[in-house]
Structure formats: structure tokens, C-alpha cells
Amino acid sequence: MTELRRGPVVPQVASLLRQRLRRGDWSTGDRLPNEVQLAAEFGVGRSSVREAVRLLVQDGLLDVRHGAGTFVAAAENDTGDVRRLVRRARVLEVYEVRRALEVEAARLAAQRVRPEDVERLRAGLQERQNTKDSDPAVFVDADLAFHRAVVELSGNALLLSLFTAAEPVLREILTELVRHETDLPDSSPAHADLLEALERGDAEAAVAATVANLEPVLRGIRSAVG
């Protein structure tokens, strides 16, 4: 049985299914195990599997045929561009939510941060910098850990729940971007500015640094979609 992290289940199950598709566990046209089998494999309820499959259907990766089962969708050439567009649209939605919640989290964190919190953030930022040339998945984990720490310092449980829900999807999106996009802007200065703003307790500067970090990638995704 696959062991999931703490937090929302559906995004994690969807991510695991995507991983299995990428590594070729199922080929185009193959029928996936049924809901009961997948639920047992992942240690979750059938409804969680159903919702995860629905997300992959939206991405054009799976095809649900009522009465027959769930199949790996054919990657037809004439629909490839449409599927990529749908995928980018979903990425855009996730990133728009991320920007909104992290801007508010940064504002609140600047008002509530303590000296010991700053030192923890500084260590996290250093870890992020140390992994810049590592495997993209390792770097993204360090990057998200830094951002999660800022959200935690906001003291807002709902913001943290939203970030936790988005985190598995963000991890997948960012890993793909870092691995395949060669012209991504370097957001290291914006991260450093955010840390300095939090240390000063400057909420406006913390918001500005968060926007400077996220907005270039968001503009690139919007451009790709529209």
C-alpha cells in the first residue's frame, strides 16, 4: 500500500496516478484497475480515487467509458495542442490561488514573526539556495518548504489548509517547469527581499517581494494559455 503524506488526499492520489502514467505503468488504451483496487493500493476511499481520476480526465490523460472502465487516453496528434492548453489553464488556476493566499500570508507573517522564526526562515532559504543545482524535485521541495514556513507564520489556519491542499499540485507543476523550462526567471532576489521584509516586520515590503517572486511565472503561464 502506498503511504500518503498528511493533508488533502485527492491531489496526492492524482499526483501518484500521473507518476504511474509518466513511467509507463499503463500504455495508451490500457484499462486501469477499478476504483476498489486503486483505493486499496493507495489506502484511501473510493470517492477520493473517483475525484482524482476526474482531475486526470480534465487534463485529457484518462478516458472514463461508462460501463467499461477507465482507460489511458490516446495522445492523438490533432488534440495534443488542446490538451496542453487545458493543462496550462489548470496550472493558471492553481497559480492564481497560490498568489492570492501567499500575498495575504506574507502580510500577516510580517506582523507576527519573531526573531527565532526569522532564523528558521534564513536556514530554509539557505537550503533552497544550496539545492538550486540539484535535481529539480529536490530544489522544488526546498522552495516549497520555505514558502510553507511563511504561510505557517501567518497564524491563519485556513490559509495553511489551502496551501496544504495546493502543495502536491504545486510540487508537480514546479518540478515540471524547472525541469523543462530553460528561461525561468531567477527568483532568488525576491526570496531574499521577502526574508528581509519579514525580519523588519514590513508588511508592505513582504507583499511586494511575494508578488515579485510569483508574478513573472504567473505572467508566463497566462501568456501560454492566452
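The values are calculated or read from the model by the stated rules, or taken from the named source; none is laboratory data. What you are looking at is a predicted structure, and each value in this text was computed from that prediction instead of being measured. Note that we place each Cβ from the backbone using ideal geometry, even for glycine, and neighbour counts take in every protein chain shown.
Would you confirm whether any residue within the stretch 10-24 is modelled with pLDDT under 90, outside any helix (DSSP H, G or I) and at negative phi?
Scanning the stretch 10-24 turns up at least one residue that is modelled with pLDDT under 90, outside any helix (DSSP H, G or I) and at negative phi.
If you go through the stretch 19-57, how many residues are buried (at least 17 other Cβ atoms within 10 Å of the Cβ) and either assigned by TED's automatic domain parsing to the domain that holds ALA166 or among the charged types (D, E, K, R) (or both)?
1
Suppose we filter ALA208, ALA197 for residues that are surrounded by fewer than 18 Cβ atoms within 10 Å (Cβ to Cβ), modelled with pLDDT of 85 or more and among the aliphatic types (A, V, I, L, M); which single one remains?
Exactly one of ALA208, ALA197 is surrounded by fewer than 18 Cβ atoms within 10 Å (Cβ to Cβ), modelled with pLDDT of 85 or more and among the aliphatic types (A, V, I, L, M), namely ALA208.
I'd like to verify a number: residues in the stretch 25-72 that are in a helix (DSSP H, G or I), more than 18 Å from LEU4 (Cβ to Cβ) and hydrophobic (A, V, I, L, M, F, W, C), how many?
Total satisfying the criteria: 1.
Where the second residue is outside any helix (DSSP H, G or I) and the first is under 17 Å from GLU96 (Cβ atoms) and lies in the stretch 159-181, which pairs have Cβ atoms under 9 Å and are six or more apart or on separate chains?
Taking only residues 6 or more apart or on different chains, the pairs are ALA165/GLY7; ALA165/PRO8; ALA166/PRO8; GLU167/ARG5; GLU167/GLY7; GLU167/PRO8; LEU177/LEU184.
Given the conditions (1) touching a Phe, Trp or Tyr at 6+ places or on another chain (Cβ under 9 Å); (2) at pLDDT 95 or above; (3) more than 30 Å from VAL13 (Cβ to Cβ), report the number of the one that HIS147 does not fulfil.
Looking at each condition in turn, HIS147 falls short on (3).
So, restricting to helices (runs of 4 or more DSSP H) that lie completely within the stretch 133-226, which ones have at least 1 residues that are in contact with an Asp or Glu (Cβ under 7 Å, 6 or more places away or on another chain) and within 25 Å of ARG90 (Cα to Cα)?
Answer list for the stretch 133-226: 136-153, 157-180, 203-225.
Could you tell me which residue of the stretch 54-76 is modelled with the lowest pLDDT, considering only residues that are β-branched (Val, Ile, Thr) and touching a helix residue (DSSP H, G or I) at 6+ places or on another chain (Cβ under 7 Å)?
VAL64
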